1. Over region 241-378, what lengths in whole Å, largest first, do the semi-axes of the equivalent ellipsoid take, defined as the square roots of 5 times the eigenvalues of the alpha-carbon gyration tensor?
2. Find how much the distance from residue 34 to residue 15 grows on full extension, using 0.36 nm per residue of separation minus their present alpha carbon separation; answer in nm with one decimal.
3. From the residues 31, 52, 70, which one has its Cα farthest along the dipole of region 1-77 in the positive direction, the dipole being from +1 and -1 charges on Cβ of Lys/Arg and Asp/Glu about the Cα centre?
4. For region 159-296, what does the convex hull of the Cα positions come to per residue, in cubic angstrom?
5. Quick one: net charge around residue 334, please, counting Lys, Arg +1 and Asp, Glu -1 for every other residue with C-beta under 11 Å from its C-beta.
6. Can you give the local net charge around residue 37? Use residues other than it whose beta-carbon is closer than 12 angstrom to its beta-carbon, Lys and Arg +1, Asp and Glu -1.
7. Taking only C-alpha pairs under 8 Å that are 6+ residues apart, what is the relative contact order of the chain in percent?
8. Would you give the gap between the C-alpha center of region 99-124 and the C-alpha center of region 2-78, rounded to a whole Å?
Amino acid sequence: MENSQKLILESQLVSDELKSIAKKVFNNERILFSDGVYLFEHANLSYLGTLANYVREKKNKNFVYFNRNFHVEPTNICVYTCSFCAYSRLIKQRAEGWELSIEQMLDIIKQYDGKEVTEVHMTGGVIPKQDLAFYTELFKTIKQHRPTLHIKALTPVELHYIFKKAKVSYEEGMKLMKEAGLDSMPGGGAEIFDKELRDKIAGGKCSAEEWLSIHEIWHNLGMKSNATMLYGHIETFTHRVDHLERLRHLQDRTHGFNAFIPLKFRNGNNDMSDVPEVSVIEDLRNYAISRIYLDNFDHIKSYWAMIGRSTAQLSLNFGVDDIDGTIDDTTKIYSMAGAEEQTPKLTTQQLVDLITQVKRTPVERDTLYNIVKDYSIN
Ligand code: V47
Ligand code: SF4
């Protein structure tokens with residue numbers, strides 16, 4: 001047994017309940033729903049760091065993954081009015097927003113010709129005009145131009161709306177997206193699964209069951225996706241564990257999720273600006289408990305553009321093994337909600353430096369976690 005494990009299991013300052021949860025984790029056993037709530041309510045940061053680090057190093061050794069990516073946000077006009085969203089504009093306010101055509105998006109993609117990016121991340125608002133025909137045409141156009149660029153695009157929020165409007169089933173719709181060139185799905189739109197809370201902060205958009213069902217169908221087509229959780233607003237710890245539990249349950253069935261990405265609620269310029277943001281300590285506790293609870297997820301990602309590079313560095317000792325990518329200042333979702341990173345853009349060298357500063361080993365990956373470059377090998 002490692003010294004850090006002994007310190008927990010033999011300490012007089014650690015309660016029997018926490019010792020019993022720690023034993024499960026060190027014995028590679030799954031923790032229960034009630035254990036998850038207990039950890040949120042009672043565990044301190046150093047205890048959580050030890051457990052989360054144990055799981056993280058067992059799964060990912062000392063590696064920290066990143067990729068070379070950029071975003072394309074097709075529109076910020078949206079039929080929905082999520083109260084945490086600082087980014088969207090209603091159709092009647094379309095003059096304040098943007099709405100890109102296929103040609104305009106191809107022009108953005110062409111700006112990366114000859115550059116070593118591996119992924120385009122595409123997601124945004126929901127509008128009737130950007131429908132099934134629009135997206136299948138868009139994906140085909142991108143693939144014709146650059147077949148090897150991985151398209152990670154559209155969340156169940158957009159897909160549910162698109163398929164309903166086109167009167168196709170989720171199965172038919174997802175097959176059409178796959179045929180058109182969609183490679184994987186990002187984790188957005190999950191927000192918080194509890195119905196009452198979801199109705200309150202993200203009313204009208206796809207339900208938790210619909211979100212999970214679209215991912216399940218996608219996984220059953222042999223495809224991968226990510227999952228997120230919006231935390232640190234009006235939810236309780238039980239709501240967080242409920243969210244994690246539903247993801248863990250689906251992952252048991254499909255093993256289709258690559259990474260889980262906790263998204264900290266930022267309160268700038270939205271209808272929830274009166275809700276205070278949680279502390280960095282709470283961010284780290286949340287990463288750690290996510291790592292411990294989601295024993296069937298390979299990767300936990302902290303999204304540096306949203307929490308800032310210093311917290312992203314800290315998170316690497318609390319269960320996180322991935323910090324997303326170069327981004328190249330191509331997303332506005334977080335800067336508009338008041339995140340520290342107002343022009344999110346890092347070179348691969350800067351990402352490598354952030355990781356080596358905290359004595360971890362940088363690994364450039366592609367979207368599916370194939371290794372592009374392992375920086376421990378010169
Ligand atoms: O679903 C919107 C969130 C998400 C706010 O899969 C906010 O690799 C906090 O899902 N405060 C979209 N969060 C972004 C997303 C994502 C990001 C990075 C990587 C991946 C991936 C996925 O952004 C939305 C919503 O939950 N969001 N507004 C806000 N004020
Ligand atoms: Fe629209 Fe997404 Fe913003 Fe909700 S979070 S208002 S669905 S863009």
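1. 23, 22, 14
2. Working: separation 19, 0.36 × 19 = 6.84 nm, distance 1.55 nm.
Full-extension gain reported as 5.3 nm.
3. My answer, from the dipole projection, is 70.
4. 117 Å³
5. Overall, the nearby charge balance is +1.
6. So the surrounding residues net to -4.
7. Relative contact order, the chain: 22 percent.
8. Each part reduced to its Cα centre gives a spacing of 36 Å.
Each value in this text was obtained by applying a stated rule to the coordinates, not by laboratory testing. This structure is a prediction, so every number in the text was calculated from the model and none was measured. Quick reminder, even Gly has a Cβ in these numbers, built from the backbone with ideal geometry, and neighbours come from all protein chains shown.
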